[in-house]
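Below are the structure tokens for one structure; questions will follow.
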Ligand SMILES: N[C@@H](CCC(=O)N[C@@H](CS)C(=O)NCC(=O)O)C(=O)O
């Protein structure tokens, strides 16, 4: 199978790490939604990442749909999201907070990094950051496991937090989230996380 998209996207990274943890081999196609926009639209009409091209030729789009497919394939015992009941609801709540934070800090990043400075909307950026930091505070206040096994809530939250650190999101308040720092430190040391690490957030910058 082929995973399309670069590791500086936390959505790509949570899929790549899940593939590795569950024992799926994949080729990595590092085309960019910014650099190869038209080409990427042929893979996903939204021109977004991630996409996963299966060995059958079918293309899955959207990280949630891809992770759902992975969980279905490995079965309930190994799935990264619990199958039912309050463990599932709790996992989905954490994942929703983490992906929501990605979307809010991501929107602020696009506004501050990509949009020409004279067209920026500071009140909108502020609103996004309030929402993003609200999600981080909620996640930081939760108990996180100190030991294996990993689950999707931990993986997605760590990918989100790492993205904020490396992309140097505006108003991401370093040092304010000790529980997330501890989770990040523990997970980023693991082989699947190290193998998908990235040093730079590669979006086009406004001049
Ligand atoms: N809900 C989607 C979100 C994916 C997403 O936001 N991808 C970003 C990269 S992190 C992207 O493709 N951005 C380019 C764009 O939307 O134009 C998922 O979970 O896959």
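Over the range 8-110, what is the mean sequence separation of C-alpha contacts under 8 Å (at least six apart), divided by residue count, expressed as relative contact order in percent?
Here the relative contact order equals 19 percent.
Once R0 is set to 45 Å, what does the formula 1/(1 + (r/R0)^6) return for the Cβ-Cβ distance between residue 22 and residue 121, expressed as a FRET efficiency to the nearest 0.05?
It comes to 0.65.
Right, here's the next one. Given labels modelled 7 Å from the Cα in the Cβ direction, how far is it in nm from residue 68 to residue 137?
Reported label-point gap for residue 68 and residue 137 is 3.2 nm.
Is the C-alpha gyration tensor of the range 85-191 telling us rounded, prolate or oblate? Criteria: a/c under 1.5 is rounded; beyond that, a/b larger than b/c is prolate, otherwise oblate.
Since a/c reaches 1.5 and a/b is larger than b/c, the shape of the range 85-191 is classed as prolate.
Roughly speaking, what is the centre-to-centre gap between the range 129-207 and the range 1-52 when only Cα atoms are used, to the nearest Å?
19
Given only helices, namely DSSP H runs of n ≥ 4 each adding -39500 (n - 2.57), what is the per-residue ellipticity at 222 nm of the chain, to the nearest 500 deg cm²/dmol?
That calculation yields -16500 deg cm²/dmol at 222 nm.
Let me have the relative contact order for the chain, percent, based on Cα pairs under 8 Å that are six or more residues apart.
For the chain, the relative contact order is 24 percent.
Moving on to the next point. What does the highest-first list of 143-150, 1-8, 186-193 look like by mean Cβ count within 10 Å?
In descending order of packing, they fall as 1-8, 186-193, 143-150.
How would the chain be classified by its alpha-carbon gyration tensor: rounded, prolate or oblate, with rounded meaning a/c under 1.5 and the a/b versus b/c comparison settling the rest?
Oblate, since a/c reaches 1.5 and b/c is not below a/b.
Bear in mind these aren't lab numbers, they're just calculated from the coordinates by the rules spelled out. Predicted model only: the values in this text are computed from it and were never measured. Cβ sites come from the backbone with ideal geometry, for glycine too, and all protein chains shown count toward neighbours.
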